[in-house]
Amino acid sequence: MKQFWPYILIAAGLLLMVGGFVYDVIFAGIPYQDPTAEMSANYNRHAHIASTIRWCGVVAFIIGALGGIERRVVATKKK
């Protein structure tokens, strides 16, 4: 299991990024042209949640990619 954690993080990051985009399309969608204050607040809340999900995915993907690169560099130096 220890050798697969970078791949798991990369896959989780990609899934979170896709999930953030899906959440954005389903719940936030396209903002209204002349929204009321309540509609605007609802859109901003859902857009912020979708953005947070996407950025968590980006961070997980980068950590997994850097972990995989670091693991390969260490493995080649040991040989």
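Candidates are the residues of segment 34-44 that are polar (S, T, N, Q) and surrounded by 12 or more Cβ atoms within 10 Å (Cβ to Cβ); the one that is farthest from Val22 (Cα to Cα) is Ser40.
Residues that are more than 11 Å from the chain's Cα centre (by Cα) and either farther than 30 Å from Ala65 by Cβ or at pLDDT 95 or above (or both) within segment 1-22 comprise just one, Val22. Conditions: (1) within 28 Å of Ile8 (Cβ to Cβ); (2) surrounded by 13 or more Cβ atoms within 10 Å (Cβ to Cβ). Val25 meets all but one. Number of the miss? For Val25, the failing item is (2).
Quick one: which of Arg54, Arg72 is at pLDDT 95 or above, part of a helix (DSSP H, G or I) and of a type in the set (D, E, K, R)?
Arg54
Within segment 45-64, the set of residues being hydrophobic (A, V, I, L, M, F, W, C), closer than 16 Å to Trp5 by Cβ and surrounded by 15 or more Cβ atoms within 10 Å (Cβ to Cβ) comprises Ala60, Phe61, Ile63.
The values are calculated or read from the model by the stated rules, or taken from the named source; none is laboratory data. Please read all numbers here as calculations on a predicted model, not as lab measurements. All Cβ positions, glycine included, derive from the backbone under ideal geometry; neighbour counts span all protein chains shown.
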